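Asks: Can you read through this structure? Questions will come right after.
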Amino acid sequence: MFGLDKLMAMKKQAEEIKERLNNITVEGEAEGGKIKVLSNGNKKITAVQIDADWIKNADKEEVEDLLVIACNRALDNAERLSESEMRGMLPGI
């Protein structure tokens, strides 16, 4: 059973990890990097970048589909990063 001190230390460590994840950027891309989506480690989309020359010839449905792919890749990368950071907390339990 955990003591109150142990629980408070775990809460503080989790808050520190969350703050660190806010400052880490991961990327997801589609169409060979023509569409890039940036996310922080807390799975918040922070930017979308679309190649200006490429989009001139792209159709709406293609752009929408590729945006979904890029977003999902960015969020998957953020999830893996978050899991890795939180796993580092487990040995202290």
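Asks: Might you tell me the accessible area per residue for the chain, computed with a 1.4 Å probe and given in Å²?
Replies: For the chain, the solvent-accessible area averages 69 Å² per residue.
Asks: Report in % the part of the accessible area of the chain that belongs to carbon and sulfur, leaving out ligands and nucleic acids; probe 1.4 Å.
Replies: Carbon plus sulfur share of accessible area: 52 percent.
Asks: Under a Cβ-Cβ cut-off of 11 Å, what is the net charge of the residues other than A78 that fall near it, where Lys and Arg count +1 and Asp and Glu count -1?
Replies: Result for the neighbourhood of A78: -1.
Asks: Against the longest alpha carbon principal axis of the chain, how many degrees, from 0 to 90 and to the nearest 10, is the axis of helix 60-87 turned?
Replies: With both axes taken from Cα atoms, the answer is about 20 degrees.
Asks: For E19 and D76, what does the FRET efficiency come to when R0 = 22 Å and r is the distance between their Cβ atoms, rounded to the nearest 0.05?
Replies: Given R0 = 22 Å and the Cβ-Cβ separation, E is 0.50.
Asks: Which of these values of Rg/Rh (Cα atoms, Kirkwood Rh) was calculated from the structure shown: [x] 1.20; [y] 1.12; [z] 1.15?
Replies: The value computed from this structure is option [x].
The values are calculated or read from the model by the stated rules, or taken from the named source; none is laboratory data. Here the structure is a predicted model, which means the values were calculated and not measured. FYI the Cβ positions are ideal-geometry reconstructions off the backbone, even for glycines, and counts take in every protein chain you see. Only protein heavy atoms, including side chains, enter the accessible area calculation; ligands, DNA and RNA are left aside. Shrake-Rupley method; radii C 1.70, N 1.55, O 1.52, S 1.80 Å.
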